[in-house]
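Participant: Just passing along the structure, written as structure tokens.
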Amino acid sequence: MKREMTEGGPLPTTDVLIQTGPTETMLSFRLSTTLLLAAFLLGTSVVSTEKVVTCDGRDNVQRLGCDHGVIRVQGALYGRTDRETCSEGRPARQVANTRCSQRGAVDVLKRRCDGKKVCEFNSDVVRTSDPCRGTYKYLETNYTCFPAIRVIACEGSVAHLFCAKGQVIFVYGADYGRSDQSTCSYRRPASQVQNVSCSSFTSNTVVAERCNGKNNCTISATNSVLRDSCVGTYKYLEVAYICEYPLVSSEESSMESSQTHAE
């Protein structure tokens, strides 16, 4: 089992990447947008928000990544809301509809990417249907890099999540599958690590239900617990979580206060 602490330091600017394909130019520019998020959780002051835009196409890959912390998807759009983005070389009729969006895109990407340091995919993962035929679309994702504790457990081993006394676990994201060929690959044949698009959409729910609100928790990285989403692939469980102090309700607080006065 591998455990590491990643801390999110101040990131004063926001990177916006417009990705148009493997053979075309990637345009990168910076915005001065910052997002003050959950400083009370781990004592960090500033967490940046980043935007990545990828023009539609099966060969065009969108990449989310965090140098510090883990991904937390804030919003996603598959469609079109303006006539400028991804419009180069396109006829006017393909960019005229600016009220085009695919429902549920953000939920798909949150299940796929939350809690990971790197997440790669194309628009196929969110395209359940064509929301506006004849319109050339793009995938726009907004995410933050959040401080978190990461645990990786290879298939057949156990992930141990734990917090200091008085704190409880809150799971950001968990995935049982494989997203690269190097993690948990020791002495594994190439056939067992070549599928890097292996993911279980139920693993996050399973881990969160078992661990949230507890001081410590163990999860077996096995097919029987987390389901075998890719037969023949040797998988691993990746979990990102934080430790926080539990919130005390006003009713519980009143009871504690009454007991104190009674004593």
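Taken together, the values in this text are just the output of simple stated rules run on the coordinates, not laboratory data. Worth saying up front: this structure is predicted, and the values here are computed from it rather than measured. Heads up, the Cβs are rebuilt from the backbone with ideal geometry, glycines too, and the neighbour counts pull from every protein chain shown.
Participant: Percent of alpha carbon pairs in region 122-250 separated by more than 26 Å? Write down the numbers at each step before the final one.
Facilitator: Values: 2979 of 8256 pairs.
Within region 122-250, distances greater than 26 Å cover 36 percent of Cα pairs.
Participant: Could you derive backbone 3J(HN,Hα) for region 230-236 from the dihedral phi with the Karplus parameters 6.51, -1.76 and 1.60 (θ = phi - 60°), listing whole Hz in sequence and x where the residue is Gly or Pro?
Facilitator: Couplings: 9, 4, x, 9, 7, 9, 8 Hz.
Participant: Amide H to amide H under 5 Å from K117: which residues, 5+ apart in sequence or cross-chain, H placed 1.01 Å off N in plane?
Facilitator: Under 5 Å from the amide H of K117 lie the amide H atoms of I71, each far enough along the sequence or on another chain.
Participant: Using only Cα atoms, what Kirkwood radius does region 113-167 have, in angstroms?
Facilitator: Taking every pair of different Cα atoms in region 113-167, averaging 1/r and inverting gives 15.7 Å.
Participant: C198's amide H: which non-local residues (gap 5+, or another chain) put their own amide H closer than 5 Å, with H modeled 1.01 Å from N in plane and none for Pro or chain starts?
Facilitator: Correct list: R178.
Participant: For region 57-166, what are Rg and Dmax over the alpha carbons, in angstrom?
Facilitator: 17.7, 62
Participant: Please give, to one decimal in nm, the separation of the simple spin-label points placed at S191 and E209, each 7 Å out from Cα toward the Cβ.
Facilitator: 3.4 nm
Participant: On a full-extension model of 0.36 nm per residue, what is the gain between S129 and T218, subtracting their alpha-carbon distance, rounded to one decimal in nm? Mind showing how you got there, number by number?
Facilitator: Values: separation 89, 0.36 × 89 = 32.04 nm, distance 3.88 nm.
My answer for the length gained is 28.2 nm.
Participant: Consider a paramagnetic label point 7 Å from the Cα of R227 along Cα→Cβ; state which residues of region 178-210 have an amide N under 17 Å from it.
Facilitator: Label zone hits: 178, 197-210.
Participant: Continuing with this model, one more query. Taking a 27 Å limit on the Cα-Cα distance, which of the listed pairs K117/K235; K51/K235; K110/K214 fall beyond it?
Facilitator: In this structure, K51/K235 lie more than 27 Å apart at Cα.
Participant: When the gyration tensor of region 96-142 is built from Cα positions, what are the square roots of 5 times its three eigenvalues, in whole Å, from largest to smallest?
Facilitator: For region 96-142, the semi-axes come out at 23, 10, 9 Å.
Participant: Apply 1/(1 + (r/R0)^6) to the Cβ-Cβ distance of A164 and V118, taking R0 = 22 Å, and write down the FRET efficiency to the nearest 0.05.
Facilitator: On the way: r = 28 Å, r/R0 = 1.29.
My answer for the efficiency is 0.20.
Participant: Follow-up question, since we're still on this one. Given axes a ≥ b ≥ c from the Cα gyration tensor, I'd like to know whether region 194-243 is rounded (a/c under 1.5), prolate (a/b larger than b/c) or oblate.
Facilitator: Cα axes put region 194-243 in the prolate bin.
Participant: Another question, if that's okay. Applying the Karplus parametrisation 6.51 cos²θ - 1.76 cosθ + 1.60 with θ = phi - 60° to the phi angles of region 113-120, what ³J(HN,Hα) value in whole Hz is obtained for each residue in order, glycine and proline being reported as x?
Facilitator: 10, 4, x, 9, 7, 9, 9, 10
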